[in-house]
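Working notes, beginning with the structure itself.
The values are calculated or read from the model by the stated rules, or taken from the named source; none is laboratory data. If you're wondering where the values come from, they're calculated on a predicted model, not measured in any experiment. Please note: Cβ atoms are built from the backbone with ideal geometry, for glycine as well, and neighbour counts cover all protein chains shown.
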Amino acid sequence: MSRLFTFGCSFTNYRWSTWADCLAPEFDEFQNWGQSGGGNHYIFNSVMEADQRYKFGAGDTVIVCWSSFFRDDRYVNGRWHTLGNMFTCPIYNEEYLKTHVDDRGYVIRDFALITGAKTLLENRPGLIWRFLSMIDLQAGPKCEINPGEPRDVMQVYTDVLDSILPSYQEVLYSKGWKTGEDQHPSPAEHLAYLDAVLPGWVTKQETRVKMHEESINLNKDPRRSGMARVNRL
């Protein structure tokens, strides 16, 4: 039996179909651990927990879509709180950002987490795994508050950077992010991204039809918010 496990933020689990849903019909079993607003701390912990629960191995495929640097995930009162970018989240005031946010520190943290997940996955015999990313992690963070040059840190993780496929930012939005009320990729854009970075993985014509039809009439069902799997460890 083939199993697909996917991990990430709202680019992975959202109100409408994402890259993860494009791939799901290709497998016998599908688990989407993505959560809206999730940062790389949350994503790393999700990968580790899923492995403990389900024992990744031969016949499994694990795909992780890493998120942006400036996210600060917290586990409080029985669930993960994933609030997205700290600079656009109203609970973080300017004083906190000045005293608790540092480019270099977030690069040190996130590449260590990505390395930990990579080490786990590459040591599971018969497991297929791939790393995607929302933003161009190779470019480093862009922070005007407490900027710290992280290039030497990134050079330590060259092999990790090389394991991450081209990002959404690079493939779809190299000239700038989408504008409008909702800046998330449409189902058709998710499909286009997969075709660019994982060509041949989406084989079913009905999936392609579904993604394009859903892009015309995007699913606005508020019950599907990408927050369904918050009650874990």
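For every residue, the table says whether it meets (1) farther than 21 Å from Arg208 by Cα; (2) touching a residue at least 24 places away in the same chain (Cβ under 8 Å).
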{"residue": "Phe5", "(1), (2)": "no, yes"}
{"residue": "Gln35", "(1), (2)": "yes, yes"}
{"residue": "Tyr42", "(1), (2)": "yes, yes"}
{"residue": "Tyr54", "(1), (2)": "yes, yes"}
{"residue": "Ala58", "(1), (2)": "yes, yes"}
{"residue": "Asp72", "(1), (2)": "yes, yes"}
{"residue": "Cys89", "(1), (2)": "yes, no"}
{"residue": "Thr99", "(1), (2)": "yes, no"}
{"residue": "Phe111", "(1), (2)": "yes, yes"}
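Of all the listed residues (Gly78, Gly105, Gly140, Gly126), the sole one being more than 15 Å from Gly8 (Cβ to Cβ), out of contact with any Leu (no Cβ under 8 Å at 6 or more places or on another chain) and modelled with pLDDT of 95 or more is Gly126. Restricting attention to the range 65-88, does a residue exist that is of a type in the set (Gly, Ala, Ser), surrounded by 19 or more Cβ atoms within 10 Å (Cβ to Cβ) and either on the phi > 0 side of the Ramachandran plot or not in a loop (DSSP other than H, G, I, E, B) (or both)? Checked the range 65-88: at least one residue is of a type in the set (Gly, Ala, Ser), surrounded by 19 or more Cβ atoms within 10 Å (Cβ to Cβ) and either on the phi > 0 side of the Ramachandran plot or not in a loop (DSSP other than H, G, I, E, B) (or both). The residue that is surrounded by the fewest Cβ atoms within 10 Å (Cβ to Cβ), among those in the range 95-114 that are acidic (Asp, Glu) and farther than 15 Å from Gln138 by Cα, is Glu95.
Put simply, of Asp51, Asp21 the only residue that is within 15 Å of the chain's Cα centre (by Cα), of a type in the set (Asp, Glu) and in a helix (DSSP H, G or I) is Asp21.
Quick check on Tyr193: is it under 19 Å from the mean Cα position of the chain (by Cα), at pLDDT 95 or above and either assigned to a loop (DSSP other than H, G, I, E, B) or on the phi < 0 side of the Ramachandran plot (or both)? The answer is yes for Tyr193. Residues in the range 24-38 that are at negative phi and either buried (at least 20 other Cβ atoms within 10 Å of the Cβ) or not in a helix (DSSP H, G or I) (or both): Phe27, Asp28, Glu29, Phe30, Gln31, Asn32, Trp33, Gly34, Gln35, Ser36, Gly38. For the range 196-233, filtered to residues that are charged (D, E, K, R), at pLDDT 55 or above and surrounded by 11 or more Cβ atoms within 10 Å (Cβ to Cβ), the residue that is nearest to Asn45 (Cα to Cα) is Arg224. Looking at (1) under 19 Å from Ser186 (Cα atoms); (2) touching a residue at least 60 places away in the same chain (Cβ under 8 Å), which is the only condition Thr82 fails? Checking Thr82 against (1) under 19 Å from Ser186 (Cα atoms); (2) touching a residue at least 60 places away in the same chain (Cβ under 8 Å), the one that fails is (1).
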